[in-house]
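Here's the structure, in structure tokens; my notes come after.
Computed from the coordinates by the stated procedures, all read-outs in this text should not be read as laboratory data. No experiment lies behind these values; they were computed from the predicted model shown. Don't worry about glycine lacking a Cβ; one is built from the backbone with ideal geometry, like all the others, and counts go over all protein chains shown.
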Amino acid sequence: MATPVSSQALRADDASVSEARSAFSAAAAPLLAGGRVRGIGFKDVTVAYGGLVVLASLTLDVRPGEIVALIGPSGSGKTTALRAVAGFVRPTRGRITIGDRDVTDVAPYARNIGMVVQNYALFPHMRAEENVAFGLRARGVSHAVVRERVPECLRLVGMEAYAKRFPRELSGGQQQRVAIARALAIRPQVLLLDEPLSALDAQIRRSMLDELAKLHRDLPSLTVLYVTHDQTEALTLADHIGIMRDGKLVAFGASRTLYRHPPNRFSAEFLGRANLLPVTSLEPKAGGLAQVRFGEAVLAATNPHGLPQGSQCLLCVRPHDLRLREGEGTHNILAGIVESVQWQGDLHAIALNVQGHKLRLTCAPLGAPPEAGTPLALAFDPHDVTLVPETPPEKPGG
Amino acid sequence: MLVWSKAGRVLAWVTAALLFALIYGVPIGVIALASFSGQWNDVLPSHLTLAHYINAMRGDSAEQTQVSIITGFAASAAALICGSWAALALRNLMRLPRRVLDVIFFVPSAVPSVSVGLALLVAFSQPPVLLNGTRAIVLIAHFVLISAFTYGNVAAGLARLPPEYEQVAESLGARPFYRLRRVILPLVAPYLIAAFSLSFALSMGELGATVMIYPPGWVTLPVGIFSLSDRGAIFDASALTMILALSTLLVLVGLSRISSRAAVR
């Protein structure tokens, strides 16, 4: 039972967050254009190259001041969507708005956007401060403003000490910070980040992720469209996440909601690892729960999508929501045979075969981990697992 | 490294040095020696003298050096502007017209220079455009012959330029001419300088077309060298050849220093 995904549908619960953000926005006013906070709107945007559709009827609203992450595998259309906002890709159909302004036919240089790309693209013949000043000078901003704003932006990203250096004299992380400062210097209406951390090594990426989160705390009224294939980046930074596949938006929602209650199989598998077990929905229970049958076992799970009784669906269990069965409890028990046990430093990963289905469990390091081939019983809290429709939504994007 | 053993590397270097000496060193050495020769009746020249260089610094030869350098600079500058313009324009075309025009731009490099000279002579010897006997026809011939190389160099540089630079510049509000001036041209500067250097060197050495079309009063060094050789003044021709080579080398070294600085950035 497919549930069409709409970016509008999940908005009501975010009103309080928005109010709090607006209050913070005032504090960040010096670094953003006063009164120019804008959202991004995609209205039925389609992009095709010679008949090949790479982005299909995307309808999506990014509200002012929020971070929306578009994630998906290579070729899913997420970068095309971002490039359409930037103006480097012309939609074959549909409209793109920034705030109230329709920018579909506006040249990229007149859109007032900040953009940070994967390889930073700092101009190698300019020093860090000249890179940051580039957009201001291109717009004919006075020297006095340039002199004031360049150090301000470099300070924001902690790079004021490196102002005189050329890009080749900076590390990858430092270059990325300068690239962000450069994008912010023009006080953009929206900031587009195209896989900004993917060229960095794992340690610097984590550090930069923290920096980006801090940056958005400092500039809460900045609207950000963030394209990545890394679910951790998306979950860490984004208020809302859009999951794309084959040019279509297959899921959109608040990050936590989407993670806890994925609307389809692809979302469950792409956003965080999930165990998906085929079950049959039995009867509703109190508290939004439903009973399901998995083989001989009767289990309970949340049913946020209102799947009707008797429907074939998937039980979505995150590996960290499973725990080794303790005591003699009989509810929500999955029994299987251990296939492998891996110690990964801060956790143990255990793979089991449960009635012919592979199940993965992660837990804190065990003193006496089970051995492969031994039986093991697992339990879970019904509120931690969710039912997912077996059939993907037919009409994505809302 | 293809050769790992020390003996092998020594052998490779010695072989390379011998080949270089044989192919480049001996001809240049002979011309250099001839340019100082009073007589050459034995294995080595005798009666060494600077008279040929003194002759070269005076009268017609000095003027020919000047003409060559002016022609080289003017034709190379024009070729650089037009070649860069063409390379920039073709970048944004669809694949098919781009390929067709690409081939057309390279045609002059495939045609013998004598044929280019002949074609210009035929084309511009009758009204309404009568250029025969003017300096302009020499400049045009040099421009036609070197423009393909200039275009090729600049196009190669532009092809290596990641599109992100321009896109980021554009997103920051840079209009097309500002992007060209502040981003594209500085980034392809090493290729522009290389293109100019190659064009200048080719122009300085051009003879085939020039000898067919040069007017009185606009004789280039290669034509002068050819005339001297034809009259049997080998030593004077050798001195002029050395001046031609050295002046070309001097300009190329200067340009390569600028190119290195641009590349380091």
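For region B:33-120, with equal point scatterers placed on the C-alpha atoms only and solvent neglected, what are the log10 I(q)/I(0) values from the Debye formula at q = 0.10, 0.19 1/Å, to two decimals? These q points yield log10 I(q)/I(0) values of -0.55, -0.98.
Compared with the rule-of-thumb size 2.2 N^0.38 Å for a compact globular protein, chain A has a Cα radius of gyration ratio of 1.11. Between A:E269, A:E296, A:E371, the Gaussian network model of chain A with springs among Cα atoms under 10 angstrom shows the greatest mean-square fluctuation at A:E296. With axes computed from alpha carbons, what is the tilt in degrees of helix B:59-91 against the longest principal axis of chain B, rounded to the nearest 10 within 0 to 90? Once rounded, one gets 20 degrees. If you fit an axis through the alpha-carbon atoms of helix A:128-138 and take the longest principal axis of the Cα set of chain A, what angle between them do you get, 0 to 90°, nearest 10? Rounded to the nearest ten degrees, it is 70. Give me the distance between the Cα centres of region A:114-167 and region A:262-319, rounded to whole Å. Cα centres, region A:114-167 to region A:262-319: 51 Å.
From the Cα trace of chain B, what convex hull volume per residue do you get, rounded to a whole Å³? Before the final figure, lay out each step's value.
Numbers: hull volume 51.0 nm³, N = 265.
Given the Cα convex hull of chain B, per-residue volume reads 192 Å³.
Protection proxy ranking for A:160-172, A:73-85, A:182-194, using the average of other Cβ atoms within 10 Å per residue and placing the highest first: A:182-194, A:73-85, A:160-172.
Only alpha carbons enter this Debye calculation for region A:273-389, each as an equal point scatterer, and the log10 of I(q)/I(0) it gives at q = 0.16, 0.22 Å⁻¹ is -0.71, -1.22. Could you tell me the distance between the Cα centroids of region B:226-245 and region A:336-384, to the nearest Å? Region B:226-245 and region A:336-384 have Cα centres separated by 90 Å.
Across peptide A:187-194, the average count of Cβ atoms from other chains found within 10 Å of a residue's Cβ is 1. Value of Rg to Rh for region B:185-241, rounded to two decimals, is 1.17; Kirkwood radius and Rg both from alpha-carbon coordinates. For chain A, a Gaussian network of Cα nodes joined below 10 Å ranks A:K358, A:K248, A:K43 by mean-square fluctuation, and the top entry is A:K358. Amide hydrogen proximity for A:N332: with H placed 1.01 Å from N in the peptide plane, the residues at 5 or more positions away or on another chain lying under 5 Å are A:A300.
Distance distribution P(r), region B:110-264, all Cα-Cα pairs, bin width 10 angstrom from 0: 10, 28, 28, 20, 11, 3, 0 percent. Computed over the protein assembly as shown, the per-residue total of -39500 (n - 2.57) for DSSP H runs of n ≥ 4 gives a 222 nm mean residue ellipticity of -13500 deg cm²/dmol, rounded to 500.
Please figure out what share of the DSSP beta bridges in the protein assembly as shown is antiparallel and state it in percent, rounded to the nearest 5. Could the numbers behind the result be given before it?
Numbers: 60 of 79 bridges.
In the protein assembly as shown, DSSP labels about 75 percent of beta bridges as antiparallel.
Work through the residues other than A:A364 whose Cβ is under 12 Å from its Cβ and net out their charges, Lys, Arg +1 and Asp, Glu -1. Charge balance near A:A364 sits at 0.
Between helix A:143-156 and chain A, what is the angle of the helix's C-alpha long axis to the longest principal axis, kept within 0 to 90° and rounded to the nearest 10? Between helix and principal axis, roughly 20 degrees.
Given contacts defined as C-alpha pairs under 8 Å and at least six residues apart, what's the relative contact order of region A:139-191, whole-number percent?
Details: 24 pairs, mean separation 20.2, N = 53.
With pairs under 8 Å counted, the relative contact order is 38 percent.
Can you tell me which of B:97-109, B:128-140 comes out highest on packing, and rank the rest after it, using the mean Cβ neighbours within 10 Å?
On the way: B:97-109: 13.8, B:128-140: 16.3.
Most protected by this proxy first, the peptides run B:128-140, B:97-109.
Note that region B:57-103, at 20 °C in a medium of 1.002 mPa s, gets a Stokes-Einstein diffusion coefficient of 165 µm²/s from its Kirkwood radius over C-alpha pairs. The simple Förster model, with R0 at 56 Å and r as the Cβ-Cβ distance, assigns A:Y49 and B:L118 a FRET efficiency of 0.75. Dividing the mean sequence gap of close Cα pairs (under 8 Å, 6+ apart) by how many residues chain A holds gives a relative contact order of 20 percent.
Counts of other chain beta carbons within 10 angstrom of each beta carbon in peptide B:160-170 average 6.
Dimensions of region B:3-44 along the principal axes, based on C-alpha atoms and rounded to the nearest Å, stand at 49, 15, 12, largest first. Pairs spanning more than 32 Å between alpha-carbon atoms, out of A:K43/A:K358; A:K78/A:K214; A:K285/A:K358: A:K43/A:K358. Residue separation of B:W40 and B:R175 scaled by 0.36 nm, minus their Cα-Cα distance, works out to 42.1 nm of gained length. In whole angstrom, how far apart do the alpha carbon centroids of region A:215-236 and region B:143-180 sit? Cα centroid of region A:215-236 versus Cα centroid of region B:143-180: 33 Å apart. Within the same chain, aspartates and glutamates fewer than 8 places from A:K164 are excluded, and of the rest, those with a Cα less than 18 Å from its Cα are A:E129, A:E130, A:E148, A:E152.
Each Cα pair under 8 Å and six or more residues apart adds its separation to the average, and for chain B the resulting relative contact order is 28 percent. Partner shielding of A:114-125 amounts to 5, given as the average count of beta-carbon atoms from other chains within 10 Å of each residue beta-carbon. In this simple spin-label approximation, A:Q355 and B:V253 carry label points 7 Å from Cα along the Cα→Cβ vector, and these lie 8.6 nm apart. For region A:77-83, backbone phi angles converted through the Karplus equation (6.51, -1.76, 1.60; θ = phi - 60°) give residue-by-residue couplings of x, 5, 5, 4, 4, 5, 5 Hz, Gly and Pro being listed as x.
For q values of 0.12, 0.17, 0.19, 0.20 Å⁻¹, compute log₁₀ I(q)/I(0) with the Debye formula on a Cα-only model of region B:75-145, without solvent. Result of the Debye calculation: -0.41, -0.74, -0.86, -0.91.
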